[in-house]
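Here's the structure we're looking at; comments come further down.
Nothing in this text is a laboratory measurement; each read-out follows from the coordinates by a stated rule. Everything quoted here is computed from the prediction, not taken from an experiment. Neighbour counts run over all protein chains shown; Cβ positions are idealised from the backbone, glycine included.
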Amino acid sequence: MAFEGLTARLQNVFGKLRGKGKVSEEDVNDAMREVRLALLEADVNFKVVKQFITKVKEKAVGKEVMDSFTPGMVIIDIVNKELTELMGGSQSKLAKANKPPTVIMMVGLQGAGKTTTSGKLAKLLQKQNAKPLLVAADIYRPAAIKQLQVLGEQIKAPVFTLGDQTSPVEIAKQGLQHAKDNNHDYVIIDTAGRLHVDEELMAELHQIHSHVNPDEVLLVVDAMTGQDAVNVAEHFNTQLSLSGVVLTKLDGDTRGGAALSVKAVTGCPIKFITLGEKLDALEPFHPERMSSRILG
Ligand code: GDP
């Protein structure tokens, strides 16, 4: 499970603090040194770690904290609040168009989990009584269209496809029209990914973007790839202006750095996380819950 190492280390640091009736500035400094190492080891971006530690120290070293009856607990509370802030503060909800359909463009590198996440998102929207349409605009990855169709069948959501001989821009355009004609309130466009970010991919995504004018551009990134996930997010964001990130594979053995760095580095909120291959393994991202989970 994600964050195991980080949680164990933080619990160790805070266990020591909690046991103290009185906390000195040196105790705080020692604890923060250990927190810093724990975050770096969890693959959190080093600039993010530096800012985080500075902020926590500013708040934790004051007389009010030191003189409180339970200084250790107060400091843990400060860390909890700052971790929550780091991940965006409060939940960042999916946008909704004033006039349906709400258009969601799914982007990301191949293998990140874009296609399965499209299916999962459709299922989540169905649970909220919405009527999503899935659009298969990844014509390059062999079997991507079929994969989306299979997912669609499983959740009984229609999948719009024009095969792999029509341009993705045309598929997206016609898919949107189909959604309008058939009263769908959400359109989820599964676009192509590549193994690396490249200009051709970006050009195609730009084209689709300008034709369908999405309400959401969600980047799907694999949490297992750590700092790479953050770099990919930064790159996509400068090119496409993302509205949110979906962090996948948090059920795996990820150290968690991406979850803690994405918002701070890109300014882009994590909107969803996925925790498994099953179709209901998608959850809205709650920074405060994630912070509590990390602190154990
Ligand atoms: P795409 O190339 O980005 O469309 O990636 P896919 O949607 O095909 O996913 C790639 C692989 O990752 C598939 O085997 C998925 O089942 C798997 N996958 C996606 N999300 C998760 C997740 O949250 N947890 C785990 N364990 N596997 C996932």
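Write down the percent of antiparallel bridges among all DSSP beta bridges whose residues are both part of the chain, to the nearest 5. That works out to approximately 10 percent antiparallel. Within the same chain, aspartates and glutamates fewer than 8 places from Lys63 are excluded, and of the rest, those with a Cα less than 15 Å from its Cα are Glu25, Glu26, Asp27. Other residues lying with their Cβ under 13 Å from the Cβ of Gln126 contribute a combined charge of +3, Lys and Arg counting +1, Asp and Glu -1. Near Lys249, which aspartates and glutamates are there with a Cα under 17 Å away, not counting those fewer than 8 places off in the same chain? Those aspartates and glutamates meeting the cut-off are Glu4, Asp43, Asp222, Asp228, Glu277, Asp280, Glu283. The eigenvalues of the Cα gyration tensor, multiplied by 5 and square-rooted, give the range 28-97 an equivalent ellipsoid with semi-axes of 25, 17, 9 Å from largest to smallest. For Lys173, a cut-off of 24 angstrom between C-alpha atoms picks up these lysines, skipping any fewer than 8 places away in its own chain: Lys96, Lys99, Lys114, Lys120, Lys123, Lys131, Lys146, Lys156. Below 10 angstrom from the Cβ of Leu94, what's the summed charge of the other residues (Lys, Arg +1; Asp, Glu -1)? Every neighbour counted, the sum reads +1.
Ordering Val150, Gly267, His286 by Cα displacement along the dipole of the chain toward the positive end leaves His286 in first place; charges were set at the Cβ atoms of Lys, Arg (+1) and Asp, Glu (-1).
Placing unit charges on the Cβ atoms only, positive for Lys and Arg and negative for Asp and Glu, gives the chain a dipole magnitude near 720 debye about its Cα centre. For Gly244, the residues whose amide H sits under 5 Å from its own are Val217, Leu219, ignoring neighbours fewer than 5 places away on the same chain, with H placed 1.01 Å from N. Which distance in Å, rounded to a whole number, links the C-alpha centroids of the range 102-158 and the range 230-296? So the separation of the two Cα centres works out to 19 Å.
Classify the chain as rounded, prolate or oblate from the Cα gyration tensor: take a ≥ b ≥ c as the square roots of its eigenvalues, call it rounded if a/c is under 1.5, otherwise prolate when a/b beats b/c and oblate if not. Prolate is the answer for the chain, as a/c is 1.5 or above and a/b outweighs b/c.
Remark: C-alpha extents of the range 143-296 on the principal axes read 48, 34, 27 Å, sorted largest to smallest. In a solvent-free Debye calculation with one equal scatterer on each Cα, what is log10 I(q)/I(0) for the range 176-261 at q = 0.24 Å⁻¹, listed in the order of the q values? Debye curve over Cα of the range 176-261, log10 I(q)/I(0) at q = 0.24 Å⁻¹: -1.21. Taking Cβ atoms as reference points and 15 Å as the exclusive limit, the residues near Thr117 contribute a net charge of -1, counting Lys and Arg as +1 and Asp and Glu as -1.
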